[in-house]
């Protein structure tokens, strides 16, 4: 069988790859989706980049996903009056909204006084400086005590692991970006600093109100979100989950992140939802042409845990070796999947309808294994059938066929999926398989053992009810 990576690659677009030529190279090197980080860049840049991505995807004859990553309440310092401000344990500082740096008064870009409480922990400079809130001074100012020596710099991030934002995680910038993104060819919208399932429901309603069919990705990076019951509720109402390990490590402690990652991937598999593992997967390749052994092990672990997608951030956005990084990650994925087989599991049903669909998905994977089938074909309208087959983690490639282009693009990040767009009709999956086989898509083998999953009423969402096995000569 031809090389076919089951865990997909999501790459962040940034200055290092801000050209059509680079985007095309990334697609040809194995990128299945692109992340547009709305914390940076302009709307004009996004329009241009999306055009390049779709052009490169069309040229490669392969659907590619586009993910809009909202900034969320990413709280940062404003501009300090010095390049570096040295601080010592025991010193007191005031963090003031929209203020100027004046002695012990430091400017922040968010009104912390509306949210924080005395005694809560506040981390400064991406977790490097720990402080404790000693007083809410007034409507726009809090006072903190420095707990360790270090230094601060302008516009560095502030983390508040103990603070309850009360559902207020969409900023004015986010709302504007959501409205703008709804006018573009966006497949996923990732919500930062999710604390509850209501955050996901609120974003979904906003997207629907703007006429967007984008799927919602919950970024797990807060202490509230990894509470067991809360986490499962978030997974259940989301279309997918991103393990945002950078901020999560600051919020809960780095020692908790590996177990949280494993649990989130398992929950996503159980509910048939997309799982994305992100942050510093190959961070050394920002400056070096080869990954470290620890980074290779990190990627391989995510593959062995059954992640749908692994993500590159600075490695492709600002790194010196973006293409080499993707190639290295692809090599790790292919080798790992070939030497550490996943065990098929049945997704848990959310209701009677998904129970039937999950049973059919698991049965199709079981039959494919028993018959040593070469591929599984999923005829899917909205992508549910293909996603549930993927959740079972089959060894075979899943060839998904849908009549909706945006569904084919969303499935580009789904485990083991290769999606195609065809008009609804009887036996459209088998017709596609015969076409691909004749074109040599599956390599040089003379016959192809196929398991197809479809409905008796083509094009009807939720109508999957039939499994068929056959051989294509």
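The values are calculated or read from the model by the stated rules, or taken from the named source; none is laboratory data. Note that this is a predicted model, so its numbers are computed, not measured. Cβ coordinates were reconstructed from backbone atoms using ideal geometry, including for glycine residues, and neighbour counts include every protein chain displayed.
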request  = Inspect all residues belonging to the range 162-174 and state whether any of them is buried (at least 17 other Cβ atoms within 10 Å of the Cβ) and within 17 Å of residue 36 (Cα to Cα).
outcome  = yes
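Taking the range 423-442, which residues are in a loop (DSSP other than H, G, I, E, B) and either in contact with a strand residue (DSSP E or B) (Cβ under 6 Å, 6 or more places away or on another chain) or surrounded by 12 or more Cβ atoms within 10 Å (Cβ to Cβ) (or both)?
Let us first name the residues in the range 423-442 that are in a loop (DSSP other than H, G, I, E, B), namely 423-427, 439-442.
Once the filter is applied, which keeps residues that are in a loop (DSSP other than H, G, I, E, B) and either in contact with a strand residue (DSSP E or B) (Cβ under 6 Å, 6 or more places away or on another chain) or surrounded by 12 or more Cβ atoms within 10 Å (Cβ to Cβ) (or both), the range 423-442 yields 424, 425, 426, 427, 441, 442.
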Criterion (at pLDDT 90 or above and surrounded by fewer than 24 Cβ atoms within 10 Å (Cβ to Cβ)) met by exactly one of 363, 387 = 363
Where residue 238 falls short, out of the listed (1) out of contact with any strand residue (DSSP E or B) (no Cβ under 6 Å at 6 or more places or on another chain); (2) closer than 27 Å to residue 158 by Cα = (1)
key: Exclusive hit being surrounded by 13 or more Cβ atoms within 10 Å (Cβ to Cβ), within 15 Å of residue 401 (Cβ to Cβ) and under 32 Å from the mean Cα position of the chain (by Cα), set 455, 462   = 455
request  = Give the residue that is farthest from residue 433 (Cα to Cα), with candidates limited to residues of the range 391-406 that are at pLDDT 95 or above and crowded, with 23+ Cβ neighbours inside 10 Å.
outcome  = 402
